[in-house]
Amino acid sequence: MGRVRTLAQVYRHFGEVDAAGTSPLYERVAVALSESEEALRAIEAAPARKRHPTVILAALHDLALAGRAPALSAAYASADSVAAAGAAIDTLLRMTDSVVAIAVRRKPWTNETGRGAVLYPAIAEAARRVGANAVGLIDVGCSAGFNLTVDRVGISYSNGQSLGDPSSPVQLSASIVRDRPVPARTLPEVVVRVGVDLDPVDVTDAEEARWLRACVWPDQAEHLARLEAELALAASAPPLLMRGDAVEVLPDAFASVPADALPVVTTTWTLSKFSLESRLRFLHRLDEAATNRPVASVSVEGVGVAPAIPTFGDRPASGHSIIGLAVFDHSTLHAESLGRSWSQGRLLSWLADS
């Protein structure tokens, strides 16, 4: 019973704290699950790391979107939290094996916005430094590849600046901290888009796209509409996906970029998942690729995470990230910090001289 009580506390906290005020449906569903010993036992059929509410609720939502849990689907569609709670428990008990199988196969995904607002000016700056008229984007930890559409989104900043395509179906916004504006440069032509991930998501695959929808809380219509726009934009120019460890895959990724284009490797809160040794090997791969042409790396990582990127003297785990730019040209490495970012790219402070 100790394990059940601990799991019950996790689900109650998720409902009463994490979902409260944001998702009335998930608030009620999570609390109902926490109060059902049968439901908790069913959840315990999943591996411990797959029992978290974000995973189990997404698995249930996936079944609803697939038409395999019609009562739950109807409750979500009508935003009936009481009916949704009952249908969620019923679906979990009737389809435990299916819920567990989805939870085991999939990893939770968050529909985060703002990364493009940070990446766009940094990639444009990388191209300017090298004098590049075309770039090949290589996103490491690409997930669904939304970072690879950075040149095709519209971005509005709180100081009145705008970048990108104002007619794009995907519009991002970010707040500028302090007075310095971001550089008002247009990205050069993107000639190739490459996503590198241990488990990349192919947005042209119906089941994988459905999983991304399942990870959006069902009563968050605005988030779902944004995801649909991002899915459509990514699917209209699907990237080349490379599955595997980035250190091993990067040589093939660089080989896919035409000789007359600047390869720009982007990482957003990815390198923290690497060991220090792997981060240094990652840096070495970039250096190796720059034997015959320049290579650039744009990173948005926690303080001290991206190797060679200065930290402004900031302390690690300080609550913000450093926007870093590293340019490799033959045997020369020029690395600098362009600014700081908070809240997954929703706030940024541009500090570099441009």
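Here is how the numbers come out for the structure above:
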| quantity | calculated |
| --- | --- |
| Per-region count, the stretch 259-282, residues farther than 19 Å from LEU198 by Cβ and either in contact with a Lys or Arg (Cβ under 6 Å, 6 or more places away or on another chain) or surrounded by 20 or more Cβ atoms within 10 Å (Cβ to Cβ) (or both) | 4 |
| Cβ-Cβ under 7 Å pairs, at least 6 apart or on other chains, the stretch 291-310 side in the same structural domain as VAL130 (by TED's automatic domain parsing), far side surrounded by 19 or more Cβ atoms within 10 Å (Cβ to Cβ) and of a type in the set (Phe, Trp, Tyr) | PRO294/PHE328; VAL295/PHE328 |
| Failed condition for ILE322, given (1) among the hydrophobic types (A, V, I, L, M, F, W, C); (2) assigned to a helix (DSSP H, G or I); (3) touching a Pro at 6+ places or on another chain (Cβ under 9 Å) | (2) |
| Which listed residue, of SER337, SER349, is at pLDDT 95 or above and either in a loop (DSSP other than H, G, I, E, B) or farther than 13 Å from VAL298 by Cα (or both) | SER349 |
| Scope the stretch 188-211; condition buried (at least 22 other Cβ atoms within 10 Å of the Cβ) and either out of contact with any Gly (no Cβ under 8 Å at 6 or more places or on another chain) or aromatic (Phe, Trp, Tyr) (or both); matching residues | TRP211 |
| Of all residues in the stretch 234-246 being touching a residue at least 12 places away in the same chain (Cβ under 8 Å) and surrounded by fewer than 19 Cβ atoms within 10 Å (Cβ to Cβ), the one that is nearest to LYS273 (Cα to Cα) | ASP245 |
| Residues of the stretch 283-308 classified as of a type outside the set (A, V, I, L, M, F, W, C), assigned to a helix (DSSP H, G or I) and more than 19 Å from LEU198 (Cα to Cα), total | 3 |
| Checking ARG193 against (1) under 19 Å from the mean Cα position of the chain (by Cα); (2) closer than 30 Å to LYS50 by Cβ; (3) modelled with pLDDT of 95 or more, the condition it does not meet | (2) |
| Residues of the stretch 17-53 satisfying the condition of being surrounded by 15 or more Cβ atoms within 10 Å (Cβ to Cβ) and of a type in the set (S, T, N, Q) | SER23, SER34, SER36 |
| Number of the condition not met by ALA261 [criteria: (1) modelled with pLDDT under 95; (2) closer than 24 Å to LEU187 by Cβ; (3) of a type outside the set (Phe, Trp, Tyr)] | (1) |
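The values are calculated or read from the model by the stated rules, or taken from the named source; none is laboratory data. The shown structure was predicted, so the numbers you read here are calculated from the model rather than taken from an experiment. A quick note on method: Cβ atoms are made from the backbone with ideal geometry, for glycine too, and the neighbour counts reach across all protein chains shown.
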